[in-house]
Amino acid sequence: MKACAKLTPKLLAQLATVSSLLWVPIIESDSTCVQPGIPPDTLIETLSILSILVTHFPTYVSSLSLSPPPIQTITPLLTHPRPAVRKRAILTVSQFVPLSAPELSAQLLSAVINPNLQLSAPLEKQRTTVNLVAAIARASPQRLASGLRSIIPGILHVVEKDDEELREGALQVRFQLSLDCSLCSLLSRPWNRSC
């Protein structure tokens, strides 16, 4: 347990330095991008270790006083240029959501999920967001309950695009939310027929 108390803050601090660098503009030269920071493989391993810690020791990790909170530290990695890093960040964020304060979940909904489900959002952000919603729906569907009225129409809008990954993610969201029938009453008409 002492190792967990020492390792978790150090890993999050390492990710925090990378997250702050992601806001630095990417330098382009001859269509190649140079992104400062830690190599993607290291980021993936760091996120994997955090996932292991939070799944095996959820009570202990949630009792740690972590500043800034893990969700705030990991969320900027959802915009990383490498898809593998984004996918690992999706999983890790979704595993921290059940342990985080409800205010952080609400902030994630309003600042990340809802804006990136708009038709005007870039396709990559829409894909990432639909997959994030699916992952959170698997880990803690109740945390999505307050935002379902905006999430579902957003997913229905983006799924109209000709993109298989968006459709697959939308089906995962629908399936995960329909498993929790206590949320079925909150679902919009196109989806609540199966409950």
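Structure notes:
- Annotation note: of Glu45, Glu124, Glu103, the sole residue that is of a type in the set (Asp, Glu), farther than 23 Å from Thr8 by Cα and out of contact with any Cys (no Cβ under 8 Å at 6 or more places or on another chain) is Glu124.
- Some residue of the stretch 128-137 being more than 12 Å from the chain's Cα centre (by Cα) and within 22 Å of Ala16 (Cα to Cα): no
- In summary, Asn114 fulfils each of the numbered conditions (1) surrounded by fewer than 18 Cβ atoms within 10 Å (Cβ to Cβ); (2) at pLDDT below 90; (3) under 13 Å from the mean Cα position of the chain (by Cα) with the single exception of condition (2).
The values are calculated or read from the model by the stated rules, or taken from the named source; none is laboratory data. Remember, it's a predicted structure, so these values are computed and weren't measured experimentally. Every residue, glycine as well, gets a Cβ built from its backbone with ideal geometry; the counts of neighbours run over all protein chains shown.
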